[in-house]
1. Taking only the alpha carbons of chain A, what extent do you get along each of the three principal axes, in Å, biggest first?
2. Is it possible to state the helix-based mean residue ellipticity at 222 nm for chain A, with each DSSP H run of 4+ residues giving -39500 (n - 2.57), the sum divided by total residues, to the nearest 500 deg cm²/dmol? What is it?
3. How many Cβ atoms of partner chains, on average, are near each residue of A:65-77 if near means within 10 Å of its Cβ?
4. Under a point spin-label approximation (7 Å from Cα along Cα-to-Cβ), what is the A:Ala213-A:Ala117 distance to one decimal in nm?
5. Got a sec to turn the phi values of region B:22-38 into Karplus ³J(HN,Hα) couplings, 6.51 cos²θ - 1.76 cosθ + 1.60 with θ = phi - 60°, whole Hz, x for Gly and Pro?
6. How long are the semi-axes of the equivalent ellipsoid of region B:86-229, taking √(5λ) for every eigenvalue λ of the Cα gyration tensor, in whole Å from largest down?
7. Counting helices only, and only those DSSP H runs with n ≥ 4, report the 222 nm mean residue ellipticity of chain B as the sum of -39,500 (n - 2.57) divided by its residues, in deg cm²/dmol to the nearest 500.
8. So for chain A, averaging the separation of alpha carbon pairs under 8 Å that are six or more residues apart and normalising by length, what relative contact order in percent results?
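The values are calculated or read from the model by the stated rules, or taken from the named source; none is laboratory data. What you see is a predicted model; the values in this text were computed from it and never measured. Please note: Cβ atoms are built from the backbone with ideal geometry, for glycine as well, and neighbour counts cover all protein chains shown. Accessible surface areas use protein heavy atoms only, side chains included; no ligands, DNA or RNA. Shrake-Rupley method; radii C 1.70, N 1.55, O 1.52, S 1.80 Å.
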Amino acid sequence: MGPVLENLDLFVQGFLTSLSIILWALVGSLLLGVLIAACRVSPVPPLRAFGSFWVTTFRNTPLSVVLFACAFGLPEIGINRSFFFFGVLGLVLYTSAFVCEAVRSGINSVPAGQAEAARSIGLNFGQALRYVVLPQALRTVIPPLGSVVIAMFKNSAVVGAFGVGGDLWSTGQTLVSARGFETLPIFTGVAIGFLLITLPAGALLQVIERKAAIAR
Amino acid sequence: MSREEAVLFDAQGPRARRRTTIGTAVAVVALLGLAYVVARRLADRDQFSMEKWGPLINPGNENFGAVWGLFGEGIRNTIIAAVIAMTLSIVLGTLIAVARLSLGRAGRIPLVGLVELFRGLPVVVLVYFGVRVLPDVGLDLRDWPGGQVLWGLIIGLTAYNMVIFAEVVRAGVASLPRGQREAALATGLTNGQTMRIVLLPQAFRVMLPAIISQLVVVLKDTSLVTFVANYDELLSQGESIRRNLDNPIQTFVVVALLYIAINYALSRLAQWIQARQARGSTAKATGGGDLVPVRDGA
């Protein structure tokens with residue numbers, strides 16, 4: 001592990017850059033994903049069609065293709081930004097489709113009888129949504145949404161691989177190709193960096209899941 | 001609209017229907033406006049020209065043959081890597097799951113560690129290990145048919161997906177009614193026979209949709225090799241076409257459409273099998289539907 005410890009500052013820097021990719025992508029994909037999910041469950045047919053189109057497109061295209069299309073396609077129509085911006089944008093577009101499906105499946109898992117019961121005791125639409133449907137829906141959304149978010153953490157490595165400088169992955173790449181370090185210790189360091197993000201996140205998710213579980 | 005989706009709103013009366021109609025009109029105008037802005041922008045930058053689209057869609061174009069030759073090769077290489085990685089993942093994943101189910105508490109610990117380790121790593125890191133790190137530590141696969149890059153990619157994808165499958169198989173076996181195992185043991189089958197003849201075949205039936213959905217993930221993840229080394233799968237081929245013809249938007253749209261076509265067909269197949277199983281009684285009794293949304297990966 002010598003090469004990793006000697007360059008520990010670079011690894012820490014890379015870890016922080018990876019975290020900032022993750023945070024931007026998390027906020028963006030949750031907002032966009034919930035918006036698309038709202039389209040998919042809305043009573044307005046064209047919005048539903050738009051939602052399905054979005055999900056089918058981004059769920060079936062590899063993240064790497066989305067990233068290439070953003071980074072090389074957008075400058076062609078006059079949108080010139082940093083690779084960091086394009087990387088986060090691609091990750092947000094891709095992840096939003098999975099967030100949408102997780103949210104939608106959570107909403108759909110609330111039994112129709114719950115809403116019917118709420119209406120039958122005289123709650124109006126807003127009240128039924130606020131007091132009966134949403135509290136249950138939000139809790140059932142947690143496990144699938146959590147898996148999507150953890151998958152997104154791991155996918156941030158692809159954003160680094162694609163040319164965003166200074167994150168964990170590209171730090172490893174630079175140390176190997178430019179400075180000729182051995183691949184094994186360096187990439188073991190990179191792997192540990194990612195495990196430091198994904199393993200605690202997975203454990204945290206399990207705790208939240210257990211707390212929010214509803215007996216049905 | 002299916003029944004389950006009706007949870008948010010009731011069957012609509014005349015007023016709600018009128019509101020929906022108005023909403024529809026507004027949404028159509030907004031979406032058309034959005035499409036117009038995008039199309040206008042593309043047209044202003046000359047992105048609809050035959051100079052850029054010709055090699056991709058016009059069979060008369062001088063580059064058409066070469067371009068689709070590259071795409072064809074790319075699709076073939078993508079499918080080869082995905083199918084081999086998938087097969088190995090299923091076999092190894094089943095072995096891990098069976099070992100985990102039949103070993104005692106102490107014996108399980110290293111397997112649980114293995115599962116957590118490979119599940120926690122990004123696929124692109126595992127692919128890098130397979131392609132770049134393995135030769136450095138003495139595992140040289142250059143002489144294998146397909147070479148180091150293909151097998152490194154397969155090893156990376158397999159390492160990640162076999163543990164996903166181990167979890168799927170474990171959940172599949174656990175979801176079977178307890179009586180299945182008890183009855184098999186009562187007829188005098190050994191533990192191993194019970195697993196092989198009675199439990200696994202039923203579990204696999206329940207898991208088939210999950211397996212096909214995961215194949216979509218593996219297919220998409222083959223494209224990660226583009227960042228690591230040269231293996232001419234679909235995305236790399238798109239990259240070299242873009243570099244030669246300088247038409248990124250057009251090329252990546254076609255690449256994306258090719259992936260979508262293959263993966264959408266696979267997803268529909270999974271849905272169809274799931275719907276067919278839901279009609280039979282075993283899948284319902286075992287709660288097989290819960291197993292489907294596995295899709296995990298890049």
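1. Principal-axis extents of chain A (Cα, largest first): 71, 44, 22 Å.
2. -26000 deg cm²/dmol
3. 6
4. Each label point is offset 7 Å from its Cα along the Cβ direction, giving 2.0 nm.
5. 4, x, 4, 4, 4, 5, 4, 4, 5, 5, 5, x, 4, 4, 5, 4, 5
6. Value: 33, 16, 13 Å, ordered largest first.
7. Value at 222 nm, helices only, nearest 500: -24000 deg cm²/dmol.
8. 29 percent
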